[in-house]
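Encoded as structure tokens, the structure appears first; notes follow it.
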Amino acid sequence: MSHTPEPMVRFDGVVKRFGDNVVLDQLDFTVAPGEFVTLIGPSGSGKTTILRLLMTLERVSEGVITVGGEPLSHMRRGDRLVPADDKHLAAARRRIGMVFQQFNLFPNMSVLRNITEAPVHVLGLSPAEAEARARDLLELVGLGDRCDEHPSRLSGGQQQRVAIARALAMRPDVLLLDEVTSALDPELVAGVLDLLGDIARTTDITFLCVTHEMGFARQVSDRVMMFDHGRVIEDAPPEQLFTDPREPRTREFLQAVL
Ligand code: ADP
């Protein structure tokens, strides 16, 4: 009998092509529930494509992605798996949240409405319930006093905190972080990363994170996966990967970015 828990995320022989360009090449990996996994690697190695597949913004060319044991990319039809239709994708993606580089807040809505919108319209929470949850989350991210502001009145760091609160309001099983500090002024980066580290430590959310912040990756990750040309070339705990990488390409990459 196996005691290995069902992975929260599983990529099984995933291929993604854009035309003739094979961006992900027979990719197999798993992420355990509650794990924090960081994806690193050169530009164009396929990291963002992985997040976009999980967000169902792209479809796999081959292979299967499962989240919480349920196929995301496919549906069961009898004994067979067939490519998922839009309705299945929409249902599946409710389990997954994402925080983007550019925040992507609704500019014409208050901070509070930015957070309550999806819980009310997608999850079917009552407005009062959604608002109570939003206020708690804004407190958590240090913006309890800014509920009624419009996003444009906030700093980039504060806007990103709102985006994090918005993602958490959907109670995702998996949270995807795509270069979430790249658009921030340098002095605002540490605060946002500290907040994410706290959330990772205090919740059971599973994280997949693409970042150039190697210090952060080293501090918070349970595992780091190094990508090159759409393949995982090294997968190790951060202490090992950052101090004693096995692969020459990992070493070269780290020398270039550290
Ligand atoms: P990374 O995040 O590691 O920089 P990406 O996943 O963004 O890499 O990109 C991997 C490859 O996929 C690149 O060669 C990129 O040009 C290509 N690619 C990504 N999205 C598209 C798209 N929508 N259409 C065509 N090619 C794409």
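Within segment 192-217, residues that are within 21 Å of Asp228 (Cα to Cα) have Cβ atoms under 8 Å from residues that are within 16 Å of the ligand (Cβ to nearest atom) and of a type in the set (Gly, Ala, Ser) in these pairs: Cys209/Ala217; Thr211/Ala217; His212/Ser182, counting only partners at least 6 apart in sequence or on another chain. Going through (1) free of Cβ contacts under 8 Å to residues at least 24 places away in the same chain; (2) crowded, with 16+ Cβ neighbours inside 10 Å; (3) in a loop (DSSP other than H, G, I, E, B); (4) of a type outside the set (Phe, Trp, Tyr) one by one, Arg135 falls short only on (3). Entry remark, segment 1-23: residues being in contact with a helix residue (DSSP H, G or I) (Cβ under 6 Å, 6 or more places away or on another chain) and of a type in the set (A, V, I, L, M) number 1 in total.
Of everything in segment 1-22 that is part of a strand (DSSP E or B) and buried (at least 21 other Cβ atoms within 10 Å of the Cβ), the residue that is farthest from the ligand (Cβ to nearest atom) is Val9. Exactly one residue out of Val174, Val180, Val224, Val162 is away from the ligand (no atom under 16 Å from the Cβ), surrounded by 18 or more Cβ atoms within 10 Å (Cβ to Cβ), under 19 Å from the mean Cα position of the chain (by Cα) and closer than 25 Å to Lys16 by Cβ, and it is Val174. The conditions are (1) farther than 16 Å from Leu177 by Cα; (2) surrounded by fewer than 17 Cβ atoms within 10 Å (Cβ to Cβ); (3) of a type outside the set (Lys, Arg); (4) within 16 Å of the ligand (Cβ to nearest atom), and Leu57 fails exactly one of them. Which is it? Result: Leu57 passes all but (1).
Inside segment 24-39, residues that are crowded, with 21+ Cβ neighbours inside 10 Å and either over 18 Å from the mean Cα position of the chain (by Cα) or near the ligand (Cβ under 9 Å from one of its atoms) (or both) make up a count of 2.
Counting just the residues of segment 74-109 that are in contact (Cβ under 8 Å) with a residue 40 or more places away in the chain and buried (at least 18 other Cβ atoms within 10 Å of the Cβ), which one comes out nearest to Asp145 (Cα to Cα)? Walk me through how you get there before you give the answer.
Here is the first cut: in segment 74-109, the residues in contact (Cβ under 8 Å) with a residue 40 or more places away in the chain are 94-109.
Filter once more, keeping what is buried (at least 18 other Cβ atoms within 10 Å of the Cβ): 95-100, 103, 105.
On the way: Arg95: 29, Ile96: 28, Gly97: 24, Met98: 24, Val99: 22, Phe100: 24, Phe103: 20, Leu105: 18 Å.
Checked segment 74-109; the qualifying residue nearest to Asp145 (Cα to Cα) is Leu105.
Each value in this text was obtained by applying a stated rule to the coordinates, not by laboratory testing. Keep in mind the model is a prediction, meaning the values are calculated, not measured. Here the Cβ is made from the backbone with ideal geometry for all residues, glycine too, and neighbour counts use every protein chain on show.
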